[in-house]
Amino acid sequence: MTAKRKTQIFITVSAILVGLIHLFFPNLKIDAIFITLIIIAIIPWLEPLLKSVELPGGLKVEFQDFKKLEEEAIKAGLIKSDGKTEIKEITTTNSDTFSFIEIAEQNEELALVGFRIEIEKRLRSLADKYSIESNRYSVTRLIEALAKEEILTIAEKTSLLDIISTLNKASHGMEYDQRSANWVIENGPKILDSLDEKLEVRGGRISLGSTDEKAHWIDKSFDNCEWTTNYEWGESIKTHSDLWEKEMNRIYQSLLVKLKEPQKKKLIKTQSNWLNQIELEKDFIYSFEDLHLKIGSGGISASAMNFMNKIRERTLELEEVLNRLTD
């Protein structure tokens with residue numbers, strides 16, 4: 001019997017008992033204090049059914065709200081919003097990919113623990129990709145470390161910390177109702193898929209690629225930008241150029257840790273030459289004093305995008321070396 005069903009039975013029985021008391025003792029005085037004590041007594045049983053209870057005098061008791069976690073995850077980009085807000089019934093969709101989904105049908109608590117394990121596995125793999133010693137950290141400290149290196153955004157860090165805090169409670173034996181399992185079914189695969197985007201092994205530069213490869217998260221961010229003016233377009237290009245440059249440097253630093261000495265020396269030399277070449281190209285293009293008059297603001301943005309794509313290609317090339325050649 002689920003927690004929700006037990007609660008429904010308890011409330012029904014309680015209501016019948018109160019009705020019988022009123023029937024047999026019609027002169028019994030019922031005041032605000034009595035009502036408040038009754039409400040306090042049943043509050044622990046209401047959690048599976050309600051989001052909050054407001055007591056006389058304005059005191060409000062909030063229950064765990066998985067919808068809040070979902071909204072945080074959507075804002076962070078860990079979950080892609082599809083415009084749907086309803087909670088779905090448990091199904092076995094994607095159960096072949098994520099075992100905790102199938103488990104949720106029989107054991108909600110175990111499903112939450114399984115979801116936590118899947119998140120931690122990906123976070124530790126992410127740390128290994130960027131040469132962070134994950135065995136030094138608990139999962140919460142690891143999230144902080146990844147955010148400090150800007151591998152996770154502030155929004156991603158906040159969302160993941162809240163999610164892990166909730167899932168930790170499940171691992172300590174706290175009872176979770178049907179909403180918890182539904183939330184895992186609905187959003188767990190989306191969050192894991194978002195983390196997998198950061199771990200994807202992409203080909204196409206030094207090895208064969210695949211049509212099934214996940215898009216890079218910076219590409220997805222750029223594609224999702226909405227702009228109507230050349231100025232807004234230019235600002236988006238600048239923001240994502242900075243993101244590509246930071247990602248390139250993180251991967252470069254990780255390669256320096258993972259490569260053997262002969263390859264490390266060659267990498268340092270090639271990266272230095274590449275950076276010098278980019279600066280020479282920029283210096284040439286932007287040396288024309290009347291550049292804006294000749295190509296306009298749209299042309300300025302187009303040239304900035306050209307340089308962004310050069311950084312993007314170099315980043316993806318280094319990432320492919322990191323993923324393919326340093327195992």
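The values are calculated or read from the model by the stated rules, or taken from the named source; none is laboratory data. These figures come from a predicted structure and were not determined experimentally. Here the Cβ is made from the backbone with ideal geometry for all residues, glycine too, and neighbour counts use every protein chain on show. To get the accessible areas, we keep the full protein, side chains included, count just its heavy atoms, and leave off ligands, DNA and RNA. Shrake-Rupley method; radii C 1.70, N 1.55, O 1.52, S 1.80 Å.
Dimensions of segment 194-237 along the principal axes, based on C-alpha atoms and rounded to the nearest Å, stand at 38, 23, 14, largest first.
Between Glu261 and Ser221, the distance separating the two model label sites (each 7 Å from Cα on the Cα→Cβ line) works out to 3.8 nm.
Where does segment 234-327 land on the Kirkwood hydrodynamic radius, alpha-carbon pairs, in angstrom?
Details: mean 1/r = 0.0682 Å⁻¹.
Hydrodynamic radius (Kirkwood, Cα pairs) of segment 234-327 is 14.7 Å.
A crude spin-label estimate for the pair Lys75 and Asn107, with each label 7 Å from Cα along the Cβ direction, gives 3.5 nm. Computed packing ranks the peptides 266-278, 146-158, 249-261 as 146-158, 249-261, 266-278, most packed first, by mean other Cβ atoms within 10 Å.
Ranked by accessible surface with a 1.4 Å probe, highest first, in what order do Val201, Val321 come? Mind showing how you got there, number by number?
On the way: Val201 60, Val321 35 Å².
I get Val201, Val321, largest accessible area first.
Expressed as a fraction of 2.2 N^0.38 Å, the rule-of-thumb size for a compact globular protein of N residues, what is the C-alpha radius of gyration of segment 217-263? Before the final figure, lay out the partial values.
Working: Rg = 15.2 Å, N = 47, 2.2 N^0.38 = 9.5 Å.
Scaled against compact globular proteins, the figure is 1.60.
Please work out how much length the chain gains when fully extended from Leu325 to Asn309, using 0.36 nm per residue of separation minus the C-alpha to C-alpha distance, in nm with one decimal. Extending this stretch completely gives an extra 3.4 nm. Mean projected area of the convex hull spanned by the Cα atoms of segment 121-251, taken over all viewing directions: 10.6 nm².
Taking packing as the residue-averaged number of other Cβ atoms within 10 angstrom, the listed peptides 285-292, 233-240 run from highest to lowest as 233-240, 285-292.
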